[in-house]
Amino acid sequence: MLSASDEEQLAYATAAGRVLMTIDFEDFMQIARSWSGQRKDHAGILPCERQPGRTLARWIGDALEVYAEQSIANYVIWLPVK
């Protein structure tokens, strides 16, 4: 998937039922807006800044706690979750 476009990566993640985590916020926000206008669903987008693995793992855990009772499909949720 390294050579895939951002939109192809989001489509792949969505088809697999996976949320996409990215440091490329601006491009994925444009795609999310475009898909929303087309009524096209995605599994969720988690933009964040580049961080060490332990920090990212903690942020993901925090997001799972906050959003445990609801789907994040079609949402863009910044990490870390406050």
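Values quoted throughout were computed directly from the atomic coordinates according to the rules given, and no laboratory measurement underlies them. As the structure is a computational prediction, the values presented were derived from the model and not from experiment.
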Legend entry - Cα point-scatterer Debye curve for the chain, base-10 log of I(q)/I(0) at q = 0.13, 0.14 Å⁻¹: -0.39, -0.45
Legend entry - Amide H within-cut-off set for M21, under 5 Å, with H built and near neighbours excluded: L46
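From the Cα gyration tensor of the stretch 27-74, with a ≥ b ≥ c the square roots of its eigenvalues, which class applies: rounded if a/c is under 1.5, or else prolate if a/b is larger than b/c, or else oblate?
Values: a/c = 4.61, a/b = 1.57, b/c = 2.94.
Because a/c hits 1.5 or more and a/b fails to exceed b/c, the stretch 27-74 counts as oblate.
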